[in-house]
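Values quoted throughout were computed directly from the atomic coordinates according to the rules given, and no laboratory measurement underlies them. All values reported here derive from a predicted model rather than from experimental measurement. Neighbour counts are summed over all protein chains in view; Cβ atoms, including those assigned to glycine, are modelled from backbone coordinates with ideal geometry.
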Amino acid sequence: MLRLKFALAIAESAGFLSKLLRRGSGETLPGRILLALCPNAIELLAQSRVVVLVSGTNGKTSTTKEIVSQVRSVGSVVTSASGSNLARGVAGALMKDSVFAVLEVDELYLPEIMAQTNPAVVVLLNLSRDQLHRMHEVKRVATRWRDLCIGAEPTTIFIADIDDPFINYAVTGAASVIRVSFGGATDGRHADGAVCPSCGRYLDWMDGHYQCECGLSNESADQLYKNGSAGYRNFVLASIASDAVGVHDALTNVALRSDYRGMERATEKVFGAVSTRVRLTKNPASWREALAGVVGDNVILILNAREVDGIDTSWIWDISFVALKGKNVVVTGERGIDLAYRIHTEGIENTLVTTFDEAIEAFGLGSVEVLAAYTAFFSLVGQ
Amino acid sequence: MKIIRIHNELLGTYGDRGNAEVLVYRAGLAGIETTLLDIGYRDLLPSNGDIYLLGGAEDAAQILSCNALSNGALHGAVEKGAIVLAICAGFQILGQSFYANKTEQRGLGLLNITTIPGTDRYVGDIAIYSDLLKINLTGFENHGGKTILGAGVEAFGSVVVGHGNGDGVSDGAVAGNIFGTYLHGPVLARNPEFADLLLSRAHGSPVVVIDPLATNYASMRRKIVR
């Protein structure tokens, strides 16, 4: 414990200094230092708390925020800074004392963080293609999760959206699990769900439902809710998680807010005379969700391909951009040309510019919707 | 011109569906009418297509697709001279055998190649020199296979950057009108000259397409990946 106290003191002052010197956000540096000085800091700091972990391809940050806002009514909470979902982000979040810790966790880091935090609740949102240069295959991530569910303590409750067959497969062997269905997958099927992750048979979909010969099916939910947007689904899952850790009116709220569409990662921001709504679009699933929400005529699309964006841009061809036909579309980003050419082949006229400033200048004034890759999103709207 | 995209719900993991869209778009610019047919796992594959396209996939999907294609329809199309472009897992399926789910699987035997597990997973930008096109082609590879070429097939390209068939020397295979490669991107989006080669063969005469954005995109990638 002495070592931990020493490490905490150093890490805290480093964070303070980093903020003072405006070097980075000061969010991950303390966590990094803490883990360097005390490798089992996460385990020691998590011991006395009620820990809730949130993982999945899309919606981690917004679902985590929703759980935080609900749990706050019954006790003090610490949480991860937006998007800081690796070990250092978790360590940084745990530096302050609290009753609850609600943490978003990267899909591949979930086994490691679970082993160190003995969570009360783990929310498994969804799995779809993302950063394939790192994840390789969706099935590979699901299989890792399946192994961790089998090995988990029976006191850990998994909350799983089983309309996603990868999630349903992952919780197959979990001792304690709440299987949630929203009456079927959005859009009638999971876009990457043509094969049963459990047995490898072809998975036939009917109105968002699947029922494999091997038994994997979303007809066997413990809790059934009405269908809705990804934002609504995550809100419900967040409420079930909050209920499980003692927020007694959490599920009452769900019934009251059945038309809830919030929790979308859109941030309003003004650049000169242009007011924008910036949305995070980081993989096919989040692009589809964001494109369905574009209402204005002016759109800026930003594509980058750094590590967290996914260094291979091939996946943009799995998205149909026809919803943008007839709109004023400006494309930018480090890999803007990839996207410009992709939508060009769909017959969508667009202007390709080098920088975001030029994209804003192209409009000059008015309101513009911005769909931004992961790194572009965070550089535009910050934490 | 009839373009057939095979089992995209299975062979669509790495964006290779875009190869079909590039062909349709460029054919349109050249004034050639096309029909794009999506053939799913439950559908019967017509053998009267001009160009057949297969993409990359995860293991279980690769096995399903290969089994469904074993009925001979694709073989029939090839006998009639159809063009086949197969990427990554789709390329492996065309061979004598490949590995999926850690087990050896019998392939379609359309290309005299065999694929065994590689020593590593090969992930990253790739550039190859194509003898056929006399230019460098770029793409992105993401696979764990090592493909060995047998008699009667040539490599599709020689590796400039990356791993290709797993030996770091050759990528893909060509035999007649059958083309296989590990290049995602999609390969035809990043290399319009290759798209035009396939269109020309299917059309029976040279197809010339002018699309500056496509050309800029291709040359930009070639400057970066080399």
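Would you mind checking the pairs A:Lys139/B:Lys146; A:Lys282/A:Lys327; A:Lys226/B:Lys102 and listing those with alpha carbons more than 32 angstrom apart? Show your work: numbers first, answer last.
Details: A:Lys139/B:Lys146 21 Å; A:Lys282/A:Lys327 21 Å; A:Lys226/B:Lys102 41 Å.
Cα-Cα > 32 Å for A:Lys226/B:Lys102; rest within.
Going by average Cβ density within 10 Å per residue, which order do the peptides A:322-330, A:75-83, A:156-164 take, highest to lowest?
On the way: A:322-330: 16.6, A:75-83: 19.7, A:156-164: 25.4.
Put in order of decreasing packing, that is A:156-164, A:75-83, A:322-330.
Given the C-alpha centroids of segment B:72-122 and segment B:1-20, what is the distance between them in whole angstrom?
Value for the Cα centre distance between the two parts: 16 Å.
Provide Rg and Dmax in Å for segment A:293-381, with only Cα atoms included in the calculation.
Cα radius of gyration and Dmax of segment A:293-381 are 12.2, 34 Å respectively.
Quick one: of the DSSP bridges fully inside chain A, what percent are antiparallel, nearest 5? Walk me through the intermediate numbers first.
Values: 10 of 50 bridges.
The antiparallel fraction comes to roughly 20 percent.
With θ set to phi - 60° and the Karplus curve 6.51 cos²θ - 1.76 cosθ + 1.60, what are the ³J(HN,Hα) couplings of segment B:93-101 in order, to the nearest whole Hz, using x for Gly and Pro?
Residue by residue, segment B:93-101 yields 4, 5, x, 6, 7, 8, 10, 8, 6 Hz.
May I ask you to evaluate 6.51 cos²θ - 1.76 cosθ + 1.60, the Karplus curve with θ = phi - 60°, for each residue of segment B:166-176 and list the ³J(HN,Hα) values in order in whole Hz, giving x for glycine and proline?
Result, rounded to whole Hz: x, 9, x, 10, 10, 10, x, 7, 9, 8, x.
Run down the lysines and flag those whose C-alpha is under 30 Å from the C-alpha of B:Lys2, throwing out any fewer than 8 positions away in its chain.
Within reach: A:Lys325, B:Lys80, B:Lys134.
Taking N as the number of residues in segment B:117-205, what is its Cα Rg relative to 2.2 N^0.38 Å?
Values: Rg = 12.7 Å, N = 89, 2.2 N^0.38 = 12.1 Å.
With N residues counted in segment B:117-205, Rg over 2.2 N^0.38 Å equals 1.05.
How large is the charge dipole for segment A:7-118, taken about the Cα centre, if only the Cβ atoms of Lys, Arg (+1) and Asp, Glu (-1) carry charge, to the nearest 20 debye?
Numbers: 10 positive and 9 negative charges, 78 e Å.
In debye, rounded to 20, segment A:7-118 gives about 380.
So for chain B, what percent of the C-alpha to C-alpha distances run longer than 27 Å?
Details: 6221 of 25425 pairs.
That tail contains 24 percent of the Cα-Cα pairs.
Where does chain A land at 222 nm, in deg cm²/dmol rounded to the nearest 500, when only DSSP H runs of n ≥ 4 count, each adding -39500 (n - 2.57), divided by all residues? Show your work: numbers first, answer last.
Values: 15 runs with 142 residues, N = 383.
That comes out to -10500 deg cm²/dmol.
Would you give the gap between the C-alpha center of segment A:315-336 and the C-alpha center of segment B:22-39, rounded to a whole Å?
About 20 Å separates the Cα centre of segment A:315-336 from the one of segment B:22-39.
Dipole of chain A, Cα-centred, from +1 at each Lys and Arg C-beta and -1 at each Asp and Glu C-beta, to the nearest 20 debye? Mind showing how you got there, number by number?
Details: 36 positive and 42 negative charges, 198 e Å.
Using only the charged Cβ atoms, the result is roughly 960 debye.
Antiparallel as a % of all DSSP beta bridges within segment A:261-383, to the nearest 5? Each step should come with its number before you reach the end.
Numbers: 6 of 24 bridges.
Expressed as a percentage, antiparallel bridges in segment A:261-383 total about 25.
Any chance you could tell me what percent of the C-alpha pair distances in segment A:1-95 go past 17 Å? Please list the in-between numbers first.
Values: 2344 of 4465 pairs.
Here the long-distance tail beyond 17 Å is 52 percent of all Cα pairs in segment A:1-95.
With N set to the residue count of the protein assembly as shown, report its C-alpha Rg divided by 2.2 N^0.38 Å to two decimal places. Show your work: numbers first, answer last.
Numbers: Rg = 25.1 Å, N = 609, 2.2 N^0.38 = 25.2 Å.
For the protein assembly as shown, the normalised Cα radius of gyration is 1.00.
P(r) tail for segment A:182-242, what percent of Cα pairs lie past 20 Å? All intermediate terms of the calculation are to be shown ahead of the outcome.
Details: 552 of 1830 pairs.
Of the Cα pairs, 30 percent sit more than 20 Å apart.
Quick one: B:His163, B:His184, A:His248, fewest Cβ neighbours within 10 Å first, how do they rank? Provide the component values of the computation, followed by the final result.
On the way: B:His163 22, B:His184 30, A:His248 10.
Final ranking by Cβ density, sparse to dense: A:His248, B:His163, B:His184.
Given N residues in segment B:65-126, what is Rg(Cα) / (2.2 N^0.38 Å)? Spell out each step's value before the answer.
Details: Rg = 12.7 Å, N = 62, 2.2 N^0.38 = 10.6 Å.
This ratio for segment B:65-126 stands at 1.20.
In which sequence would B:Lys102, B:Lys80, B:Lys146 go, from the one with the fewest C-beta neighbours within 10 Å to the one with the most? Provide the component values of the computation, followed by the final result.
Numbers: B:Lys102 7, B:Lys80 10, B:Lys146 19.
Fewest to most other Cβ atoms nearby, the residues stand as B:Lys102, B:Lys80, B:Lys146.
Fewest first, what order do B:Glu21, B:Glu58 take by the number of other Cβ atoms within 10 Å?
Working: B:Glu21 20, B:Glu58 24.
With the fewest neighbours first, B:Glu21, B:Glu58 line up as B:Glu21, B:Glu58.
Can you give me the Cα centroid spacing of segment B:185-220 and segment A:159-207 in angstrom?
Cα centroid of segment B:185-220 versus Cα centroid of segment A:159-207: 39 Å apart.
Could you give each residue of segment A:96-110 its phi-based ³J(HN,Hα) in whole Hz, using Karplus coefficients 6.51, -1.76, 1.60 with θ = phi - 60°, and x for Gly or Pro?
8, 6, 5, 7, 10, 10, 10, 10, 8, 10, 4, 4, 6, 8, 4
Which three semi-axes in whole Å describe the equivalent ellipsoid of segment B:158-216, each the square root of 5 times a Cα gyration tensor eigenvalue, listed largest first?
Details: eigenvalues 110, 51, 11 Å².
Working through the eigenvalues yields semi-axes of 23, 16, 8 Å.
Give the residue from A:Ser128, A:Leu37, A:Ala290 lying farthest towards the positive end of the charge dipole for chain A; charges sit on Cβ (+1 for Lys and Arg, -1 for Asp and Glu) and the dipole is referred to the Cα centre.
It is A:Leu37, whose Cα lies furthest towards the positive end.
Note down the magnitude of the dipole of segment B:119-192 about its Cα centre, charges +1 on Lys and Arg C-beta and -1 on Asp and Glu C-beta and zero elsewhere, to the nearest 20 debye.
On the way: 4 positive and 7 negative charges, 24 e Å.
For this selection, approximately 120 debye.
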